[in-house]
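Novice: Before I ask anything, let me first share the structure, which is written out below as structure tokens.
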There are 6 protein chains.
Amino acid sequence: MEVPDLLTAQQLDRLREIAAQANFADGRLSNPHSKVKRNLQIDHNDPLYEESANTLAEAMMRNEAVLNFAYISRLAPPLICRYQPDMAYGKHADAAFLPMRPTPLRSDISSTIFLADPETYEGGELTIHLGNKTISVKGKAGSAILYPSTTIHEVMPVTSGERLVAITFIESQIMDEHRRYLLYTLKEVSALEGFNISWDNRVQLAHVCDSLHRMWST
Amino acid sequence: MEVPDLLTAQQLDRLREIAAQANFADGRLSNPHSKVKRNLQIDHNDPLYEESANTLAEAMMRNEAVLNFAYISRLAPPLICRYQPDMAYGKHADAAFLPMRPTPLRSDISSTIFLADPETYEGGELTIHLGNKTISVKGKAGSAILYPSTTIHEVMPVTSGERLVAITFIESQIMDEHRRYLLYTLKEVSALEGFNISWDNRVQLAHVCDSLHRMWST
Amino acid sequence: MEVPDLLTAQQLDRLREIAAQANFADGRLSNPHSKVKRNLQIDHNDPLYEESANTLAEAMMRNEAVLNFAYISRLAPPLICRYQPDMAYGKHADAAFLPMRPTPLRSDISSTIFLADPETYEGGELTIHLGNKTISVKGKAGSAILYPSTTIHEVMPVTSGERLVAITFIESQIMDEHRRYLLYTLKEVSALEGFNISWDNRVQLAHVCDSLHRMWST
Amino acid sequence: MEVPDLLTAQQLDRLREIAAQANFADGRLSNPHSKVKRNLQIDHNDPLYEESANTLAEAMMRNEAVLNFAYISRLAPPLICRYQPDMAYGKHADAAFLPMRPTPLRSDISSTIFLADPETYEGGELTIHLGNKTISVKGKAGSAILYPSTTIHEVMPVTSGERLVAITFIESQIMDEHRRYLLYTLKEVSALEGFNISWDNRVQLAHVCDSLHRMWST
Amino acid sequence: MEVPDLLTAQQLDRLREIAAQANFADGRLSNPHSKVKRNLQIDHNDPLYEESANTLAEAMMRNEAVLNFAYISRLAPPLICRYQPDMAYGKHADAAFLPMRPTPLRSDISSTIFLADPETYEGGELTIHLGNKTISVKGKAGSAILYPSTTIHEVMPVTSGERLVAITFIESQIMDEHRRYLLYTLKEVSALEGFNISWDNRVQLAHVCDSLHRMWST
Amino acid sequence: MEVPDLLTAQQLDRLREIAAQANFADGRLSNPHSKVKRNLQIDHNDPLYEESANTLAEAMMRNEAVLNFAYISRLAPPLICRYQPDMAYGKHADAAFLPMRPTPLRSDISSTIFLADPETYEGGELTIHLGNKTISVKGKAGSAILYPSTTIHEVMPVTSGERLVAITFIESQIMDEHRRYLLYTLKEVSALEGFNISWDNRVQLAHVCDSLHRMWST
């Protein structure tokens, strides 16, 4: 799902400022076994790191479209990444669990938040493989894309300019993607048609939605 | 669920005629270990047995309310039973599986079809125990009740007259009672409000119904 | 399930005292979209609120019958509600999740604790819809009823006097109502017959109970 | 999944011949409630219908790629459809169950087999909606596409020429699409790397595949 | 599970007679890809094959211990196998599905029926690997062993004499081994203690057994 | 699963020292209803208790074999137990849940860590019942065994010397034992053969492992 205006202009400016000032480390530090990861990530020890993570997390947690779609149970602290010319992140699937307190966070939905204007860099598309189809995304600055962590995906090599993004991972109340989408669909219909149907049938629809939500949460 | 007019007047007359002419056997023959069953059942070898079973099965399979509610996968041949004064069927749960070809039939829903006018006999209520509540049913002639085979239930002693009923068992496409009821509810709302909502939302609702039906069938 | 003596006479007196002294707010504040809710709820900011919630929560958490039946994982803070003449709460289903720290509480079981003598008010029955049957409850002061949050239910209009109750919501270790009830039944049989059967079979029964408990907890 | 050469040149020729000679009926006959279906379907009573269905079914059941991907439990008889200028099939989801003997067939995977060269007609793309992305397919003559029956899809209006296809529906041993794809992936890896790994590890991989196949079949 | 007296002395004599007269084929014919199978199997085209399969299948289907333990839904035709000196069947897991009409048979439980006296051959133990423990079985003539088809197992090389056995595969109503065993345990306790507990508690236990049987059957 | 060197020589020495100095209480205090438990357990109030629990917990949490096998979500504080002559712990199954903050800990895997040399005591075998097979374990000092909490097991009477062990309980991310073992097997194969197969197939295998881990975690 694409979220067009996740960040306000001010948030976007501040995050670019932080990216310009903070230290960045080699992305391989957090995935030492990967043979395909070549990028830079904001240094966790930099005092600006926490501000960037908080700003991005709040933007996610306050966005109606994200909340309705993702049924967020927990959110990993978002991380700013940069890809300079020749950097890329080859085909991989995101890890099922991220180390977090008090228990590991299960990554059900992955998200990329675009911080750079797509006109300012070449290459660097996020390419998601669905069976033998692929979907390629290069979003506008301030927008975000959410996609299942179960897909195999890659970031194509950047050939000029700089790809500046943030990434984060969502543990959803509803692990299964297909069920999550069915409930989302049913709630959308209820919201759109709520005033065209009788009160009794609204109660029945809400009852079905609540029952599915309960039954599918883990 | 109560089904008010499962049988037509003609069907009812013919079934009572059959009950008057056919041989009946001791109900303990089919449940030799039961200490609480005291009733009579139509003899499987009586030539009228098959006619009675076919008439009752067709009435079930053609009733819209039954079809929408029960998601019938298979139906056991209905069986006419009579309870004369002092007969009863004490507390029991219906067996999970009935011997049938080519594989045993799983009983998800039990049904009693009332053949005698309730004014013509005293006692004989079907009493269903739900936790520590009970529901008592003594239906009109030609009506039926469907209830989960998982409940503990009993037929109270008949004190005068004759309780004439037929019983049958349904294997449903959707084993779980709660799921079956949710899908029934959603389909009812779709049917009632289909013309008050947009075509696109009708397609979405149908899509959710079909997906749940598929996901929950076993 | 009905719990006859959840509260002691002293607890009941003190809760009525609190209800007489504390501020109450319009129930619509916590459900702004509801068209059917017309009642009063104790004000969360009133210093007496916390005492009332603690007293009621402890009564629940120490009651053997509640513990054996509900497999409580978490309990929402109970809330005193009053219904004065003409107040009611029309047909609705309880929300699947309540906002709580650190994660939302899933409401599996709803509970009403009766604080007023049923003779002191007219109307105000709690009516639970099960398919097209209904169960109506107006409990004795100090008693409680537990019922699945998945049911559609309503509070009938009060016509005279005042209905004073507390409500709370339970997240159970076992979400599915049917499974929870099966395990409850098996444990009851084990407890009642434990001394009539051999030690080896007691171990086997305990083993089955533990395995089901483990398998069904989420 | 796309299957490039499902049909041989001879099979394709014969099916086109049949399409030229057989009677076709209005597609609305089999979906009387649909407001969006406008096409023609081969008449079930035409003596050529059975030959066409058998030829197509055999081609499916003998194709290695189809068998490995779909875990076919049952296959609905394929049906030749034609779309002449202005015909189309608007947005819809395929029904969850098709009437079949002895029990209804659950449609898990839908398939379109292309019989006309794509250069011979304009429009008529099969468009599959995945969230708010779409995939458009217009396959070569003799090729087929398989896609989950749970998606909402449509056939765009034909503007010139004639779109000649056959459609069929698969009940899979593995209902859930995500699980089916995981097992397919694991078996592919085993097949491709079987000779590069030790015999003991081949046995272990086969054991995992068999266990998942068993566990997920319904 | 070991079944001491599956076959009567007469059945055992007749099956040995058949084995002495019938044609046997190389076991690799039915598993052409296996590198570890070295045995002989009775020829399906031999007129005595059907008699042997029927005798063995009936013995299985009439054995109380087998029926209570395995919840047989379908049984593959048993097959007589012989292992002469130097023959063996290396480590393998049984296939999840066997080709059968009208649908493939899922193998949940594998069974070996011993036809030769263990004193008449050396080697040839059936060795079942459970994690890094192993269980070795060399049963008495006429006895059988049932074990989960999911285990990795092997037949050790025969060093002298002849190992004569029959093998068969069971599709169970309850696929999951752990659940099947829990239900078996609960039914055993009910059977053993049925007369030591009250009628009401017997009904409750039967109700739990039936509900689990229903819930877990697929 | 047996873990040969869970404890270093120093850890083992220190734990024996603690066992020699600390107070021990009757094991019946924590299971007052048990008729079969006769052993001694380190006193929770002894100041040495916490050191012993921390040392043992760290050894578990840092052992690669344990981590790969058990998918630990939470670990109960390990407890030192001693069995002197005539002590034993008869047949029992471990409780499904242990009281712990903030929610009860579900015991999926039980572990015994051996602190005494097996030559220094007679009897005291840990005997695990699997159906009607048994496995007997008397491990080397410093080693541990992990086994499903669902099994019925016992500690045989000690006839001379002293059996000194520690016990602990693991809540696993993957409750079901069979699924946990399948994932363990698949990860082992991936680790062992990772460099013999192509990068693309390594990514695919990792993707299947991550998807199963996610799907099966609760």
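Novice: Could you let me know the centre-to-centre spacing of segment B:5-43 and segment B:154-189, using Cα atoms, in angstrom?
Specialist: A separation of 18 Å, based on Cα centres.
Novice: Place a +1 charge on the Cβ of each Lys and Arg in the protein assembly as shown and a -1 charge on the Cβ of each Asp and Glu, then give the dipole magnitude about the Cα centre in debye, rounded to the nearest 20.
Specialist: Magnitude of the dipole: close to 0 debye.
Novice: Working with all protein chains in place, sort C:42, F:167 by solvent-accessible area computed with a 1.4 Å probe, largest first.
Specialist: Accessible-area ranking of C:42, F:167, largest first: F:167, C:42.
Novice: Can you give the direction-averaged projected area of the convex hull of the alpha-carbon atoms in chain A, in nm²?
Specialist: Quarter of the Cα hull surface area: 13.6 nm².
Novice: Now a separate question. Net charge near residue C:38: determine it from the other residues with C-beta under 15 Å of the C-beta of residue C:38, scoring Lys and Arg +1 and Asp and Glu -1.
Specialist: +2
Novice: So, one more: If I take every Cα pair under 8 Å that is 6 or more residues apart in chain F, average their sequence separation and divide by the length, what percent do I get for the relative contact order?
Specialist: 24
Novice: Related question: Put a label point 7 Å from Cα along the Cβ direction on residue E:103, then list its distances to the equivalent points in the other copies in nm, shortest first.
Specialist: 0.6, 0.6, 3.5, 3.5, 3.5
Novice: Let me ask you something else. Give me Rg/Rg_expected for segment D:21-143, where Rg uses Cα atoms only and Rg_expected = 2.2 N^0.38 Å with N residues.
Specialist: 1.11
Novice: Can I ask one more? Given the rotation that superposes chain A on chain B, what residue of A brings its beta carbon nearest the axis, and what is the distance in Å?
Specialist: A:196, 2
Novice: If you don't mind, there's one more thing I want to ask. Taking the Cα atoms only, what angle lies between the long axis of helix A:177-193 and the longest principal axis of chain A, rounded to 10 degrees?
Specialist: Once rounded, the angle reads 60 degrees.
Novice: Still on this model: Give me the one-decimal nm value for the distance between modelled label points at residue B:65 and residue D:21, 7 Å along each residue's Cα-to-Cβ direction.
Specialist: It is 5.3 nm.
Novice: Residue farthest toward the positive end of the dipole of chain A, with Cβ of Lys/Arg at +1 and Asp/Glu at -1: which of A:181, A:150, A:160?
Specialist: Going by the Cα projections, it comes out as A:150.
Novice: In addition: Sort out for me the Cα centre separation of segment E:101-133 from segment A:75-109, rounded to whole Å.
Specialist: 47
Novice: Can you give the charge dipole size of chain A about its Cα centre, rounded to the nearest 20 debye, using +1 on the beta carbon of Lys and Arg and -1 on the beta carbon of Asp and Glu?
Specialist: Approximately 600 debye in magnitude.
Novice: In segment D:65-152, if the dipole is taken from +1 on Lys/Arg beta carbons and -1 on Asp/Glu beta carbons about the Cα centre, which of D:103, D:80, D:113 is farthest to the positive end?
Specialist: D:103
Novice: Using the beta-carbon distance between residue D:218 and residue F:178 and R0 = 22 Å, what value does 1/(1 + (r/R0)^6) give for FRET efficiency, to the nearest 0.05?
Specialist: It comes out at approximately 0.80.
Novice: So what's the convex hull volume per residue for the Cα atoms of segment D:24-80, in Å³?
Specialist: 103
Novice: In addition: Between copies, how far apart are the residue C:29 label points? List them in nm, one decimal, shortest first, with each point 7 Å from Cα toward Cβ, please?
Specialist: Ordered by increasing distance: 4.9, 4.9, 6.7, 7.2, 8.5 nm.
Novice: Quick one: buried accessible area between A and B, total over both chains, 1.4 angstrom probe, nearest 100 Å²?
Specialist: The buried area between A and B, both sides summed, comes to about 1800 Å².
Novice: Of the residues D:204, D:21, D:11, which exhibits the maximal mean-square fluctuation in a Gaussian network model of chain D defined by a 10 Å Cα contact cut-off?
Specialist: In the Gaussian network model the winner is D:204.
Novice: For segment B:43-114, give the percent of accessible area contributed by carbon and sulfur heavy atoms, probe 1.4 Å, rounded to a whole number.
Specialist: Solvent-exposed carbon and sulfur of segment B:43-114 make up 52 percent of the total.
Novice: Related question: Counting only protein chains, not ligands or nucleic acids, how are E:210, A:13, E:86 ordered by accessible area (probe 1.4 Å), most first?
Specialist: E:86, A:13, E:210
Novice: Further question: Would you please give the residues with an amide H less than 5 Å from that of residue D:97, counting only those at least 5 places away or on a separate chain, with H modeled from the backbone geometry?
Specialist: D:107
Novice: With every protein chain present, what accessible area does residue E:8 have (1.4 Å probe, heavy atoms only), rounded to the nearest 10 Å²?
Specialist: About 70 Å², rounded to the nearest 10.
Novice: Give me a comma-separated list of calculated 3J(HN,Hα) values for segment A:166-174, in order, Karplus coefficients 6.51, -1.76, 1.60 applied at θ = phi - 60°, integers in Hz, x for any Gly or Pro.
Specialist: 10, 10, 8, 9, 10, 8, 9, 4, 10
Novice: Let me ask something else about it. Which FRET efficiency, nearest 0.05, do residue D:132 and residue A:134 yield, Cβ-Cβ r, R0 22 Å?
Specialist: That gives a FRET efficiency of 0.85.
Novice: I'd like the Kirkwood hydrodynamic radius of segment C:75-203, using the inverse of the mean 1/r over distinct C-alpha pairs, in Å.
Specialist: Taking every pair of different Cα atoms in segment C:75-203, averaging 1/r and inverting gives 16.7 Å.
Novice: Too long at a 28 Å Cα-Cα cut-off: which of E:187/F:35; A:35/D:187; D:91/D:187; B:91/B:138; B:35/B:138; A:138/D:138?
Specialist: D:91/D:187
Novice: Mind checking which lysines have their C-alpha under 21 Å from residue D:140, skipping anything on the same chain fewer than 8 residues away?
Specialist: Within reach: A:133.
Novice: What's the longest piece of chain F with no exposed trypsin sites (Lys or Arg not before Pro), counting a site as exposed if DSSP puts it in a loop and it has at most 14 other beta carbons within 10 Å?
Specialist: The longest such stretch corresponds to F:141-218.
Novice: Something else about it: What accessible area per residue, rounded to a whole number of Å², is obtained for chain D using a probe radius of 1.4 Å?
Specialist: 43
Novice: Turning to a different aspect of this structure: Under a no-solvent Debye model with one identical scatterer per Cα of the protein assembly as shown, what's log10 I(q)/I(0) at q = 0.04, 0.05, 0.08, 0.09 Å⁻¹?
Specialist: -0.27, -0.43, -1.22, -1.59
Novice: Nm distances between the label at residue C:131 and the same-position labels in the remaining copies, 7 Å along Cα→Cβ, shortest first?
Specialist: For residue C:131, the other copies' label points sit at 1.7, 4.1, 4.1, 4.1, 4.6 nm, shortest first.
The values are calculated or read from the model by the stated rules, or taken from the named source; none is laboratory data. Keep in mind that what you see is a predicted model, and the values were worked out from it rather than measured. Glycine gets a Cβ as well: all are built from the backbone with ideal geometry, and neighbour counts include every protein chain shown. With ligands, DNA and RNA removed, areas are computed over all heavy atoms of the protein, side chains included. Shrake-Rupley method; radii C 1.70, N 1.55, O 1.52, S 1.80 Å.
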